[in-house]
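Novice: Handing you this structure, nothing more for now.
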Amino acid sequence: LVVSEDVEVGADVTVIKVADTREALAYLAAAYFDHPADTLKVIGITGTKGKTTTTYMVKSIMENAGFKVGLIGTIEAIIGDEKIPANNTTPESYVVQEYFRKMLDAGCDYAVMEVSSQGLMMHRVDGFTFDVGIFTNIEPDHIGPNEHASFEEYLQCKSLLFQKCRLGIVNADDAHVEAILKNHTCQAYGFSENADIRATDMKLVRKGGHLGVAYHVSGLLEGDIETSVPGRFSVYNSLTAVAICNHYGVDMEVMKKALLNASVKGRIELVHVSDDFTLMIDYAHNAMSLESLLTTLKE
């Protein structure tokens, strides 16, 4: 038994007392599955918005580059041809490690996953080191009796990712980026309009029932990107994916092709019905998401 409080048991029962049983579970699970994250390259994405879309974009780009990629996120976990519906954005530590083991066994090179503030707070991603950690943005969300006590706590939990990764890639335009990198232990660089990887000359694209966005990338790499997901936040999401995949040496032409065709089920999902109008499906689960979506479409 692994416990954090004293228990009365028989003499034949081994009891290991620890400060935090959730933290202990993460390390036990990693060892039980023989530390799969030591072999896989694990990419973790945290932020209030953009996690789901960005994970799918990264998966699309890396697979177009010839790698095999597993995914863990809000909608599902994808391991080879298997799709497992998700209960949490970031599963329990035992499940995370089990998925990593299955990914390795399925021949995956990379795992890309959404990392929620709850997952960080509850030690679900302890017991291993992320190869790359990414911060997309942060807004007052997930604050309440069953989640975070305050915005400060929410911010602090998000920042924990940058004490658990080798390289941090952050949205340098976000007002809270300094707080996110406070106490970070990784190398770090930024993407934004003015950072190491920059997006400029943004244009909204509209043609034949299709909406999207195009922009120029410069800095650590150079090229023009177009995505089939409209809106300014699509620039950030795709630029995040570009920054990650550039770190792994993926060719710009591969990224351009993959991003033009990348889509996420229920996330501004374009359904072509006619050239005369645009139909899209979106899971905007609160007022903030809905306002962001409608502002984007109005633009």
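Novice: D for the range 1-158, whole µm²/s, Stokes-Einstein with Kirkwood Rh over alpha-carbon pairs at 25 °C and 0.890 mPa s: what number?
Specialist: The Stokes-Einstein estimate is 148 µm²/s.
Novice: Further question: Scan around A77 for amide H atoms under 5 Å from its own, H built in the peptide plane at 1.01 Å from N, and keep only partners 5 or more places away or cross-chain.
Specialist: I84, A86
Novice: Run the reach check for K164 against lysines, Cα to Cα strictly under 20 Å, same-chain hits fewer than 8 apart removed. What comes back?
Specialist: Partners found: K41, K51, K182.
Novice: Here is a further query. Taking the DSSP beta bridges in the chain as the whole, what percent of them are antiparallel, to the nearest 5?
Specialist: 45
Novice: Work the Kirkwood hydrodynamic radius out for the range 153-197: mean of 1/r over every pair of different alpha-carbon atoms, inverted, in Å.
Specialist: It works out to 10.6 Å.
Novice: Something else now. Grab the Cα-Cα distance for K83 and D20, subtract it from 0.36 nm times how many residues apart they are, and report the gain in nm with one decimal.
Specialist: 19.5 nm
Novice: Determine the distance separating the Cα centre of the range 266-289 from the Cα centre of the range 193-230; give it in Å without decimals.
Specialist: Distance between centres, Cα-based: 20 Å.
Novice: State, to one decimal in nm, how far the label point of A31 lies from the label point of N261, with both points 7 Å from Cα in the Cβ direction.
Specialist: The modelled label-to-label distance comes out at 4.5 nm.
Novice: Here's a follow-up. Which whole-number value in Å³ per residue fits the convex hull of the alpha carbons of the range 148-284? Each step should come with its number before you reach the end.
Specialist: Details: hull volume 17.5 nm³, N = 137.
So the per-residue Cα hull volume is 127 Å³.
Novice: Extension gain T200-A287, at 0.36 nm per residue separation less the Cα-Cα distance, in nm?
Specialist: 28.4 nm
Novice: Here's a follow-up. Over the chain, average the accessible area per residue using a 1.4 Å probe and give it in Å², no decimals.
Specialist: 48
Novice: What does a probe at R166 reach in the range 12-43, counting residues whose amide N is under 16 Å from the point 7 Å along Cα→Cβ?
Specialist: From the range 12-43, the list is 36-43.
Novice: While we're here: Across 10 Å bins from 0, what is the distribution of all Cα-Cα pair distances for the chain, in whole percents?
Specialist: Result returned by the calculation: 6, 27, 34, 22, 7, 3, 1, 0.
Novice: Sticking with this structure for a sec: Check the straight Cα-Cα distances from K203 and name the aspartates and glutamates below 16 Å, setting aside those fewer than 8 residues away within the same chain.
Specialist: E193, D224, E226, E299
Novice: Output the relative contact order of the range 1-96, whole-number percent, from Cα pairs under 8 angstrom with separation of 6+ residues.
Specialist: It comes to 18 percent, rounded to a whole number.
The values are calculated or read from the model by the stated rules, or taken from the named source; none is laboratory data. For clarity, every value in this text was computed on a predicted model and none was experimentally measured. Virtual Cβ from ideal backbone geometry, glycine too; neighbours counted across all protein chains shown. When the accessible area is computed, the model is the full protein with side chains, heavy atoms only, and any ligands, DNA or RNA have been set aside. Shrake-Rupley method; radii C 1.70, N 1.55, O 1.52, S 1.80 Å.
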